[in-house]
Amino acid sequence: MNTNNILNTYNRFDAIFTKGKGTYLYDINNEKYFDFVSGIAVNCLGHSNPKIVETIQKQSETLMHISNLYWNDKQLELANKLNKLGDLDKVFFCNSGTEANELALKIARKFGKNFSQDKNKILYMKNSFHGRTLGALSVTGQEKYQTPYKPILGGTVQCEFNNIKDFYSKFDRTVCGVIIELVQGEGGIIEIDPEFLQTIKNLCDINNALLITDDVQCGIGRLGTFFAYQKFSVTPDIITVAKGLGGGFPIGAVLVGKKASDTLKPGDHGSTFGGNPLACSVANTVIDELTSNNILTEVSKKGDYFKNKINTLIKKYDLFEKINGTGLLLGLKLNDKIASSDFVKKAFEKHFLLVGAGNNTVRLLPPLNVTYKELDKATELLEEVIKDF
Ligand SMILES: Cc1ncc(COP(=O)(O)O)c(C=O)c1O
């Protein structure tokens with residue numbers, strides 16, 4: 001098959017996948033791979049989950065797309081579910097994580113104008129990742145992503161993650177919003193310090209700024225709670241979600257709390273595909289499955305089980321510093337003897353799919369319905385990879 005027709009934006013592995021089932025993928029030669037990437041935290045119910053397949057089949061025969069000029073039943077059902085699961089007020093649907101963050105930034109900018117014309121500064125964190133569109137990129141604290149596209153969006157200021165003193169020095173009355181990941185995903189599975197989060201929340205509340213939490217990677221059950229903020233004792237003003245919400249079908253959403261839910265008026269924002277019946281019906285199924293089959297309640301237990309197993313490997317071999325993260329958003333931090341990219345390559349040769357992250361870390365992102373047996377298998381495969389170094 002000719003791969004030259006594709007724009008050269010990814011360093012891809014040499015495999016062409018044609019089908020998947022549960023935690024397994026099969027390539028064009030029917031070779032089997034064990035998948036602990038899950039489309040980078042997307043396939044939360046595994047590949048070709050029967051409930052998702054059934055939903056797509058039924059909904060595609062019923063109604064796939066209408067314009068947002070009209071209401072559709074599946075969108076209303078999904079908004080109701082999301083608002084019940086979180087403590088927020090209203091939802092906007094889009095198609096991806098970066099789009100969700102674009103809207104969050106736009107809401108913060110418009111919200112700021114209620115107070116003064118110069119209240120337009122957005123604070124973001126070093127090492128963060130919020131997406132590839134120019135707005136989201138402008139609040140992504142990684143030089144390598146921003147540099148080729150400079151100048152980035154004005155009025156965006158980078159802060160040190162988990163550094164209260166630095167945050168105080170950058171915050172002033174012109175801040176309209178602060179965007180953060182409660183667990184930095186691409187940055188290397190780094191958790192927010194609860195005191196830092198509380199400080200941001202307090203400053204936002206006192207100064208009429210919006211706290212935006214990006215749940216695109218760490219939300220939809222990855223940490224063992226539906227939304228990431230539910231692990232911490234701070235409710236954001238806006239939450240952005242995507243990835244796992246559709247379990248493999250593209251959908252994103254912005255949840256807005258009462259503080260800012262009347263900021264946008266008709267005409268202020270829109271999306272042709274956002275919230276179409278097909279995408280929303282899949283997301284409804286994903287939520288029903290996650291919440292009604294003990295999948296969500298088991299995530300923390302499975303994460304702890306897996307972490308214990310990995311800690312045994314960490315003690316046994318001098319290749320790792322530690323395992324970061326909670327639930328099923330885990331990052332194996334390697335020491336300086338070995339590069340995470342080499343570890344991921346070796347794993348691929350053994351048909352075990354892993355993905356790297358910043359801070360010389362290998363991410364472990366199984367589907368949320370992974371079995372204990374599969375976690376044992378992953379531990380064995382990790383040990384096989386280790387033995388090759
Ligand atoms: C935390 C976070 N935000 C936003 C994005 C961008 O999402 P998308 O690729 O769906 O635009 C990602 C993607 O990895 C992410 O991890």
remark   = Per the helix-only model, the chain has a calculated mean residue ellipticity at 222 nm (DSSP H runs of ≥4, -39500 (n - 2.57) each, divided over all residues, rounded to the nearest 500) of -11000 deg cm²/dmol
key: For region 1-133: span of alpha carbons on each principal axis (Å, largest first)   = 61, 40, 29
ask   = How large is the charge dipole for the chain, taken about the Cα centre, if only the Cβ atoms of Lys, Arg (+1) and Asp, Glu (-1) carry charge, to the nearest 20 debye?
value = 320
note = Quick shape check on the chain: root eigenvalues a ≥ b ≥ c of the Cα gyration tensor, a/c under 1.5 is rounded, otherwise prolate if a/b tops b/c, else oblate, and it reads oblate
query = What number, in percent, do you get for the relative contact order of the chain if the mean sequence gap of Cα pairs under 8 Å and at least 6 apart is divided by its residue count?
reply = 22
note = Carbon/sulfur accessible area of the chain, % of total, 1.4 Å probe, equals 51
message = Between K387 and K265, what is 0.36 nm times their sequence separation minus the Cα-Cα distance? Round to one decimal in nm.
response = 38.0 nm
key: Computed lengthening from K345 to L319, 0.36 nm per intervening residue step minus Cα-Cα distance   = 7.8 nm
Full-stretch length increase - T147, N2 - with 0.36 nm per residue and alpha-carbon distance subtracted = 49.1 nm
query = Considering the dipole of the chain built from charges on the beta carbon (Lys and Arg +1, Asp and Glu -1) around the Cα centre, which of A79, F348, L223 is farthest to its positive end?
reply = A79
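If you take every DSSP beta bridge whose two residues both sit in the chain, what share of them, in percent to the nearest 5, is antiparallel?
65
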message = Show me the ranking of peptides 189-202, 152-165 by mean Cβ neighbours inside 10 Å, starting with the highest.
response = 189-202, 152-165
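Using a 1.4 angstrom probe on the protein heavy atoms only, could you order H130, H47 from most to least accessible area? Present the calculation step by step, with values, prior to reporting the outcome.
On the way: H130 5, H47 30 Å².
So, going from the largest accessible area down, we get H47, H130.
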inquiry  = From zero outward in steps of 10 Å, how is the percent of C-alpha pairs of region 250-389 spread across the bins?
reply    = 10, 31, 24, 20, 12, 3
key: Shape call, region 197-282: gyration tensor on alpha carbons, a/c limit 1.5   = oblate
key: Point-to-point label distance, N114-L63, nm (Cα→Cβ direction, 7 Å offset)   = 3.2
note = Measuring from its Cα centre, region 17-72 shows a charge dipole (+1 at each Lys and Arg Cβ, -1 at each Asp and Glu Cβ) which, in debye to the nearest 20, is 100
Exposure of E102 as accessible area (Å², to 10), given a probe of 1.4 Å and all protein chains = 50
request  = Could you do me a favour and compute the accessible area per residue for the chain, 1.4 Å probe, result in Å²?
outcome  = 45
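Going highest first, how would you order 344-352, 131-139, 223-231, 59-67 by mean Cβ packing within 10 Å? All intermediate terms of the calculation are to be shown ahead of the outcome.
On the way: 344-352: 16.9, 131-139: 20.7, 223-231: 22.4, 59-67: 12.6.
Listed from highest to lowest mean packing, they are 223-231, 131-139, 344-352, 59-67.
The values are calculated or read from the model by the stated rules, or taken from the named source; none is laboratory data. Keep in mind that what you see is a predicted model, and the values were worked out from it rather than measured. No Cβ is skipped: glycine too gets one built from the backbone with ideal geometry, and neighbour counts run over all protein chains shown. Ligands, DNA and RNA are excluded from the accessible area calculation, which covers all protein heavy atoms including side chains. Shrake-Rupley method; radii C 1.70, N 1.55, O 1.52, S 1.80 Å.
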